[in-house]
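The values are calculated or read from the model by the stated rules, or taken from the named source; none is laboratory data. Please read these numbers as outputs of a predicted model, since none were measured by experiment. Ideal geometry is used to build each Cβ from the backbone, glycine not excepted, and the neighbour counts take in all protein chains shown.
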Amino acid sequence: MIWHWMHTHRDLTGVLLGTLFGLGARLILMRSDYRQYPAYPHGRIVHIALGLIAAALGSVAVPSLYHKNYTAITFLSLAAQQFREVRNMERTTLNAIDKMELVPRGAAYIEGIAVAFEGRNYLAIFAALITSMTSIIFPWWTGLAAGFLSLLVVFRFMRGKTIRHIADVQTAPIRFDGHNMYVGDVYLMNVGLKENREIIEKRGIGIVITPKNGNARVTIANLGQRQAILYDVSTRLGVYRDTGEPLLIPLGKLALDTGQLALVTLPREYDPRMAIAAVESVPLLEAAVRMPVEANRQGEGRADHG
Amino acid sequence: MARIVALITTRKEDVAGGAPIFIAGNRAELEKTAFMLEKLLDCGAHELNHSLFLLVDRNTGDH
């Protein structure tokens, strides 16, 4: 009975399947992970609703185009407009929250998250489009296969690179030479008060990040990437910090000669292995990734640049 | 850019200038004043030399 209905109402079946898989794609992309965002039901509802709209737009476009309603393509541009708004919305919210964080995310991280949210909606549209197109052109059940395939593609897209791919992370001792603080051999800052020095010595974890190549060196030198690392470590291990304690702050400094990044973190839970794991799984920010090695290679023997 | 908010010193003949200057009688008093001011002003206390602490405001600049 239902099979017969699905054969006779191909457009509707396509739209439904497309919407379903599009929404599925959006849901897969919305694990509430260690970055704790979006952490609350309302934030989640906003994104599920937008994901549903994205999926519906993607899947409805196919039958319209199939029946030579070419203006339906404007639908998709409408969607693009909508999702640029999503990016703005995320940026505004996160910027507003960031002022109230003990360890802020930083502008680069916020921009990265905002772009990711916009991009995820496009992936939902993509999944819906593929599913609905397949199930309308071919027998409806091929749409199921296409849907699962597109979910796999979406899943693949979700995995960006992390610090682990570009650098080695190790702990290093924090030591004080008088009032000067070092992690390994890297000078970090001058801590004037004995009380602060004692807290940092007792609770701090020193970490040294050694880049694997020239590209990685530029990436971890980026201030936004550095702040993202500090934020993620502070989120996962807690932070021993309050207002009125300006020097109890997680901090990163470069060893200029080697390109290593030395960090001091003040976790609530003293667990160096966890701290290393946290640093290793920090995502690489799009704003921080540079490829000077490739750029210089391509540039060789080519004076002008278009 | 960081900004010097106050100085605390035990040798007042060494310092002068625009920021408020706090004079301490001895090293213990110097450290105590620095501690108090750090919490009050939310500015980091840095030891420039044995007789002089700077309170530096980084909140307004990039850190």
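Structure above, values below:
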| item | result |
| --- | --- |
| From the options B:Glu13, B:Glu47, B:Glu29, residue that is facing chain A (nearest Cβ under 10 Å), of a type in the set (D, E, K, R) and either in contact with a helix residue (DSSP H, G or I) (Cβ under 7 Å, 6 or more places away or on another chain) or free of Cβ contacts under 8 Å to residues at least 40 places away in the same chain (or both) | B:Glu47 |
| Which numbered condition A:Asn88 misses (of (1) surrounded by fewer than 17 Cβ atoms within 10 Å (Cβ to Cβ); (2) within 14 Å of chain B (Cβ to nearest Cβ); (3) assigned to a helix (DSSP H, G or I)) | (2) |
| Strands (runs of 3 or more DSSP E) completely within chain B that count 2 or more residues being under 19 Å from A:Gly178 (Cα atoms) and in contact with a strand residue (DSSP E or B) (Cβ under 6 Å, 6 or more places away or on another chain) | B:3-9, B:44-49, B:52-57 |
| Unmet requirement for A:Arg226, which otherwise passes all of (1) more than 11 Å from chain B (Cβ to nearest Cβ); (2) within 19 Å of A:Thr162 (Cβ to Cβ) | (1) |
| Test for A:Leu123: is it over 17 Å from the mean Cα position of the chain (by Cα), in the same structural domain as A:Leu16 (by TED's automatic domain parsing) and assigned to a helix (DSSP H, G or I) | no |
| Any hit, the range A:238-246, residues being within 21 Å of A:Pro292 (Cα to Cα), touching a Lys or Arg at 6+ places or on another chain (Cβ under 9 Å), of a type in the set (Ser, Thr, Tyr) and away from chain B (no Cβ under 14 Å) | no |
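Residue-wise test of (1) outside the structural domain of A:Asp271 (by TED's automatic domain parsing); (2) among the basic types (Lys, Arg); (3) outside any strand (DSSP E or B); (4) over 30 Å from A:Pro292 (Cβ atoms).
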| residue | (1), (2), (3), (4) |
| --- | --- |
| A:Phe176 | no, no, no, yes |
| A:Tyr187 | no, no, no, no |
| A:Gly192 | no, no, yes, yes |
| A:Glu195 | no, no, yes, yes |
| A:Glu201 | no, no, yes, yes |
| A:Gly206 | no, no, no, no |
| A:Ile209 | no, no, no, no |
| A:Asn215 | no, no, yes, no |
